[in-house]
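Okay, structure first, notes after.
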């Protein structure tokens, strides 16, 4: 049904010449979108431009019809405001989660792949282990005091924690073990 057909049906309704099928079609069209009620209200106003001077029964009926239209439009507008508010709240929550994830993943170094420049000059193994922990977000422990006093010199550019530990193992009398998320540096015997 288009707007013109609806207007014709509304006018026919006012002169009470609508068939039952036309009443159902008109009510379905009006119920489909509450904005159509504005069309009905305007047609009623145009059809009875001087509706205040109509007999009281017709004027009362028309007042009741117009009030019903206004009530449905107001209810629809309230529903729209509530829906828009829910959408805004959901959007804020999604943005907050996205911002949190962005901050988390951009400020946390990636395990064993964070590009860095490290330089050690006669540094004992305790300090090398501390530097690896701070730089790569790994846990490195030195097994004993003798191993911890060994000195290391080296420079690494864009190396991973595994690269540095492998270099330690090749240049010093130490071995590395990985157990439950922990790198352990042990002296060779």
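The values are calculated or read from the model by the stated rules, or taken from the named source; none is laboratory data. Bear in mind the structure is a predicted one, so any value in this text is a computation, not a measurement. FYI the Cβ positions are ideal-geometry reconstructions off the backbone, even for glycines, and counts take in every protein chain you see.
For the reader, a short list of remarks on this structure follows.
- Matching option when the condition is modelled with pLDDT of 85 or more and surrounded by 12 or more Cβ atoms within 10 Å (Cβ to Cβ), among 116, 164: 164
- Screening region 134-155 for residues that are modelled with pLDDT under 90 and closer than 30 Å to residue 105 by Cα and picking the one that is surrounded by the most Cβ atoms within 10 Å (Cβ to Cβ) gives 136.
- Within region 119-133, the residues that satisfy the criterion of being under 43 Å from the mean Cα position of the chain (by Cα) and surrounded by 16 or more Cβ atoms within 10 Å (Cβ to Cβ) are 128, 129, 131, 132.
- Of all residues in region 115-146 being touching a helix residue (DSSP H, G or I) at 6+ places or on another chain (Cβ under 6 Å) and not in a strand (DSSP E or B), the one that is farthest from residue 181 (Cα to Cα): 116
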